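Presented below is the structure to which this report refers.
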Amino acid sequence: MNEDGSRRWVRPKPADGDWFSRRRIVAYVLMVIYLAIPHVYMNGKPLILLDAPHREFTFFGYTFLPTDTLLFMLFLGILILCVFSFTALFGRVWCGWGCPQTVWMEYVFRPIERLIEGGRVGSMNIDKSGSHLHPRRLLKYAVYGVLALILAHTFLAYFVGAEQLKVWVTRSPIEHPSSFAVMGVTSLLVFLDFSYFREQTCTIACPYGRWQSVLLDKSSLIVAYDYKRGEPRMKGKDRSNAGDCIECGACVQTCPTGIDIRDGLQMECIHCTQCVDACDAIMDSVGSPRGLIRYTSREILSGEARHIWRPRTVAYPVALAGLIGIFAWQIGTKADADITLLRSLDAPFSEEADGRISNQVRVRIANRSGKPRQYTLSIVGAEAGQVIIPVNPFPVAHNQTETTSLFVLLPKSAFDDGQHAIRLRVTDGADFTTELPYNLLGPTGETGHTEKESP
Ligand code: SF4
Ligand code: SF4
């Protein structure tokens, strides 16, 4: 912020050094991956599809169905532990190298801004003029708008699939106003993020920057200024009592979050290495060794040896390996279908006009066999009564979860203390057969008074 509390717009000066070039390669690869994933299919499904309305999440050909709560929690646990492990070892490498905010901002939106507005100085001059209607700025916003549409539509394709998105895009908005509104709002948010909010997404909105205080320790890899070597910082030719920092300010001018790395490790530092490149160029020009700002650790900077093996770098990978093992075992032993038995949504049982007790049993079937299946249901243990199965066999498409109902009618005398045990047999006529126990509910005592409730 400026002293009067207004926003200080950050117009970083690009430092095109070795690290910037390496990051550029990574950034371009990540951009291609991001744009391509919704269009790449594996096992007939998009590589990643986060179908929230149906609670089905597909990753690399495997779809987590609503019945996969444990698997999905394990998967999320693995992702979180990966972040923990990676951060303990390599600090905020994700922020500087992999985060979409950094990648698109530094390698697409900022270069376009510099190109259209006449470099960093041109942008600062437009800022000073106070005119947001400057023709160059308007042109920049127009280009940003097109890019925001592309990014937002790609983002939405991760949630609805590229095919569905194509349908939305090619039809009149009047035919699908809600989808059109979602697309419009998402595109607007992307536009505002890259044109206005910018580095504040990292410094204010993103929780990861705050987590780093607990995820990093003094041995973690960070981008840092070597204060022992650099201080006392000083301008001028007489360097007899000076450190290596010549107080040129290049590291500050290039920082996309507007901080001074020489103030120590800060939450706002996204470890983008721009200050490393800027300072290396200065060190080259004054004939000093590179690395005044570099990848290092606080431990090394204070003169200690770096400890790779420490409690968190052992505990996180061990926990990670454990979770991956359980996850793989769960997937490997997963049956071709998940069957869940549910009670009636109304009363747990009812009494028919002829005095028999009727139980509705709802059967939810998640088909993960890879093909559409017809599931045949039968009841064992209700021979004294009648079983009504309205749809039998019951069809379920691949990767779908459907619910059907069956009704069991038994005389009151079949219930012992309000319960009667049966077994439900389900088979798909191919590889899958299972039998599940189930307790029917009925009246207790001779009066037929209902004492038990559905669990
Ligand atoms: S201090 Fe350096 S590494 Fe950190 S955000 Fe600024 S330029 Fe990037
Ligand atoms: S770029 Fe290097 S020499 Fe210049 S102010 Fe920053 S740390 Fe000092």
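The values are calculated or read from the model by the stated rules, or taken from the named source; none is laboratory data. Note that this is a predicted model, so its numbers are computed, not measured. Cβ: placed from backbone, ideal geometry, glycine included. Neighbour counts: every protein chain shown.
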### Task
Consider only pairs whose beta carbons are under 7 Å apart and that are at least six residues apart or on different chains; among these, list those whose first residue lies in segment 407-433 and is of a type outside the set (Asp, Glu) and whose second residue is part of a helix (DSSP H, G or I) and surrounded by 13 or more Cβ atoms within 10 Å (Cβ to Cβ).
His420/Ala414
#### Entry: Residues located in segment 194-251, provided they are basic (Lys, Arg) and either surrounded by fewer than 17 Cβ atoms within 10 Å (Cβ to Cβ) or more than 20 Å from Arg110 (Cα to Cα) (or both)
Arg210, Lys218, Lys228, Arg229, Arg233, Lys235, Lys237, Arg239
### Query
Pick from segment 112-146 the residues that are among the hydroxyl-bearing types (Ser, Thr, Tyr) and modelled with pLDDT under 95: which of them is farthest from Asp193 (Cα to Cα)?
Ser129
### Query
In segment 44-65, what residues are on the phi < 0 side of the Ramachandran plot and of a type in the set (Lys, Arg)?
Lys45
### Message
Looking only at segment 1-53, filter to residues that are modelled with pLDDT of 95 or more, farther than 13 Å from Ala157 by Cα and of a type in the set (Phe, Trp, Tyr); which one of those is surrounded by the fewest Cβ atoms within 10 Å (Cβ to Cβ)?
### Response
Tyr28
### Task
Assess whether Asp346 counts as being part of a helix (DSSP H, G or I), away from ligand 1 (no atom under 16 Å from the Cβ), among the acidic types (Asp, Glu) and out of contact with any Pro (no Cβ under 6 Å at 6 or more places or on another chain).
no
### Message
Please return the ranges of strands (runs of 3 or more DSSP E) entirely within segment 390-452 where 1 or more residues are closer than 20 Å to Leu65 by Cα, of a type in the set (Gly, Ala, Ser) and modelled with pLDDT of 95 or more.
### Response
none
### Message
Please verify whether Leu147 is in contact (Cβ under 8 Å) with a residue 12 or more places away in the chain and either within 27 Å of Ala52 (Cβ to Cβ) or more than 20 Å from the chain's Cα centre (by Cα) (or both), treating the condition exactly as stated.
### Response
yes
### Task
Can you give me the ranges of the helices (runs of 4 or more DSSP H) entirely in segment 112-231 with at least 2 residues that are assigned by TED's automatic domain parsing to the domain that holds Thr102?
119-129, 135-160, 162-170, 177-192, 208-215
